[in-house]
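Novice: My questions all concern the structure below.
Read the figures in this text as sums done on the coordinates, not as results from a lab. No experiment lies behind these values; they were computed from the predicted model shown. Here Cβ is always computed from backbone atoms with ideal geometry, including for glycine, and neighbour counts include all displayed protein chains.
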Amino acid sequence: MIISSDLNKCKAMFEALIGKRIVCKTNGGRKRIITYIGTVEHCYPNVFTMRCDNETGKQSIISFSYIDVLTRTVRVGVMPEKSQEEVVAV
């Protein structure tokens, strides 16, 4: 059973991730996993939104609920930030 304190912790975690890059993996059905890579944009009372970069170069906004994260329907991972050494000057 999900307790409201768990939900509040989950919301606080995503509020701290606003502007950072994350990876979300969700079940697409029939043994298919869909992976989204993007930045967290907004946190609302029941959902958070992220802006994703597609392979075609277009950007889309996707929303996930905090309950999906708590029930592990959606898996979330934080991408490491690029260090100064990884940035290549042209």
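Novice: Just rank Val69, Val23, fewest to most, by other beta-carbon atoms within 10 angstrom. Write out the running numbers ahead of the final one.
Specialist: Details: Val69 19, Val23 14.
Final ranking by Cβ density, sparse to dense: Val23, Val69.
Novice: Please compute the contact order of the range 4-56 in relative form: average sequence separation of alpha-carbon pairs under 8 Å and at least six residues apart, divided by the residue count, as a percent.
Specialist: Numbers: 65 pairs, mean separation 15.3, N = 53.
With pairs under 8 Å counted, the relative contact order is 29 percent.
Novice: If you don't mind, another one. In Å, what is the Rg of the alpha-carbon atoms in the chain, and how long is Dmax?
Specialist: Reported Rg and Dmax, both Å: 14.6, 53.
Novice: Considering only C-alpha atoms, what is the centroid distance from the range 1-49 to the range 51-80, in Å?
Specialist: Answer, in whole Å: 6.
Novice: Obtain the nm distance between the two label points defined at Thr35 and Ile62 by a simple spin-label model: each point lies 7 Å from its Cα along the Cα-to-C-beta direction.
Specialist: 1.2 nm
Novice: So who's got an amide H within less than 5 Å of the one on Val74, skipping anything under 5 residues away but keeping other chains? H placed 1.01 Å off N, in plane.
Specialist: Sorted by chain and number, the residues that satisfy this are Val69.
Novice: Using θ = phi - 60° and the Karplus curve 6.51 cos²θ - 1.76 cosθ + 1.60, what whole-Hz ³J(HN,Hα) does each residue of the range 50-55 get, with Gly and Pro shown as x?
Specialist: 9, 9, 10, 9, 8, 5
Novice: Right, another one. Quick one: compute the contact order of the chain, relative version, from alpha carbon pairs under 8 angstrom and 6+ residues apart, as a percent. Write down the numbers at each step before the final one.
Specialist: Working: 131 pairs, mean separation 24.8, N = 90.
With pairs under 8 Å counted, the relative contact order is 28 percent.
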